[in-house]
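A short worksheet on the structure shown next.
FYI, it's all coordinate maths here, none of it is from the lab. On a predicted model such as this, the values are computed, not experimentally measured, just so you know. Every residue, glycine as well, gets a Cβ built from its backbone with ideal geometry; the counts of neighbours run over all protein chains shown.
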Ligand code: NDP
């Protein structure tokens, strides 16, 4: 039979995780601060329990709460009941918070994995979902089959901060892209251009075409010596970029989301990198650069 699992936190994500475990035939015990939120899951076969009883019901306890503070608020008073079990924290956090929680777990004799969910709730348990893990290798190996109910389970390393770091790097990529897309919709919207038509016929094909240059940027970044630009040098880009800011202002659109990239382009030119490709800007993001 599939092993017993306890899930703490039944928001949109916790509920999706619990459902994936139920579909996999696990004996699932759930707890949520607001108890009423557990009722739909109980109707689908989960066992509901008080916090301490929920924790002691399974060797594997998964927490999916709002943030780091809510994890401590919930688990600090019941740390002793977690001793000897595995805690998997799927609450979004920073690498430092992951390491802090790992040290806390070690102090209480709890095997610990920190995780980063790279999926939205409807994706959980379906192709395209992946979850990043770091921390106790043995705990990952023991529970891997269970964790794969949610999606691809990737173990990144024993430093418990790694999953959060890679998670936040991926979210950085997403938000950067989305920020630009929102600006594009505001700009085209200022002239009454259809957002849906613009998105399907222009924005998506353009972004897809431009994303193909990422592996080359990555290669140059890894080599640490970006070469001279063959096609689109940074001095040219800095000159054109100002037009995005000016046109936004003129159309009554805030340029705020786009301003930092313009500053970075100008810093690159000032640093003598005007003839280089985009990869030359990665090192300029270091605080001491
Ligand atoms: P929701 O806002 O839907 O749910 C938040 C959950 O946290 C609820 O169960 C809530 O309990 C609980 N909670 C909040 N504060 C406390 C507290 N102080 N003590 C105890 N429980 C508390 O969020 P999601 O379920 O969507 O997200 C959960 C985690 O998953 C977050 O860290 C999020 O960043 C991460 N995540 C979410 C994704 C998504 O697309 N939804 C994608 C990837 C990661 P109550 O019902 O009592 O309020």
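Find the centroid of the Cα atoms in region 1-17 and in region 127-147, then give the distance between the two in whole Å.
The distance from the Cα centre of region 1-17 to that of region 127-147 comes to 14 Å.
What is the projected area of the convex hull of the Cα atoms of the chain, averaged over all directions, in nm²?
Convex hull of Cα atoms, orientation-averaged projection: 18.5 nm².
Give me the distance between the Cα centres of region 30-91 and region 200-277, rounded to whole Å.
Value for the Cα centre distance between the two parts: 45 Å.
Can you bin region 164-289 into rounded, prolate or oblate? Criterion: square roots of the alpha carbon gyration tensor eigenvalues sorted a ≥ b ≥ c, rounded for a/c under 1.5, prolate for a/b above b/c, oblate for the rest.
It comes out prolate by the Cα gyration axes.
Compute the helix-to-body angle for 259-270: its Cα long axis versus the longest principal axis of the chain, expressed 0 to 90° and rounded to tens.
Approximately 60 degrees, to the nearest ten.
Could you sort the peptides 253-259, 214-220 by per-residue average Cβ neighbour count (10 Å cutoff), highest mean leading?
253-259, 214-220
On a 0 to 90° scale, report how tilted helix 137-147 is relative to the longest principal axis of the chain, with both axes built from alpha carbons and the result rounded to the nearest 10.
The two axes meet at around 90 degrees.
Against the longest principal axis of the chain, how steep is helix 12-23, in degrees 0 to 90 to the nearest 10, with axes from Cα atoms?
50
Let's test the formula: R0 of 25 Å, r as the Cβ-Cβ distance of residue 186 and residue 209. What FRET efficiency results, to the nearest 0.05?
0.70
Which order, highest average first, do 39-48, 272-281 follow once you tally other Cβ atoms within 10 Å for each residue and take the mean per peptide? Write down the numbers at each step before the final one.
Details: 39-48: 15.6, 272-281: 19.6.
In descending order of packing, they fall as 272-281, 39-48.
In whole Å, what are the Cα extents of region 37-106 along the three principal axes, biggest one first?
Its Cα atoms span 38, 24, 17 Å along the three principal axes.
Mind checking the full-extension length gain between residue 78 and residue 49? Use 0.36 nm per residue of separation minus the Cα-Cα distance, one decimal, nm. Don't jump to the answer; show the numbers that get you there.
On the way: separation 29, 0.36 × 29 = 10.44 nm, distance 1.40 nm.
Residue separation times 0.36 nm, minus the Cα-Cα distance, leaves 9.0 nm.
Let me understand region 75-163 better: what is its radius of gyration from the alpha carbons, and its Dmax, in angstrom?
12.7, 37
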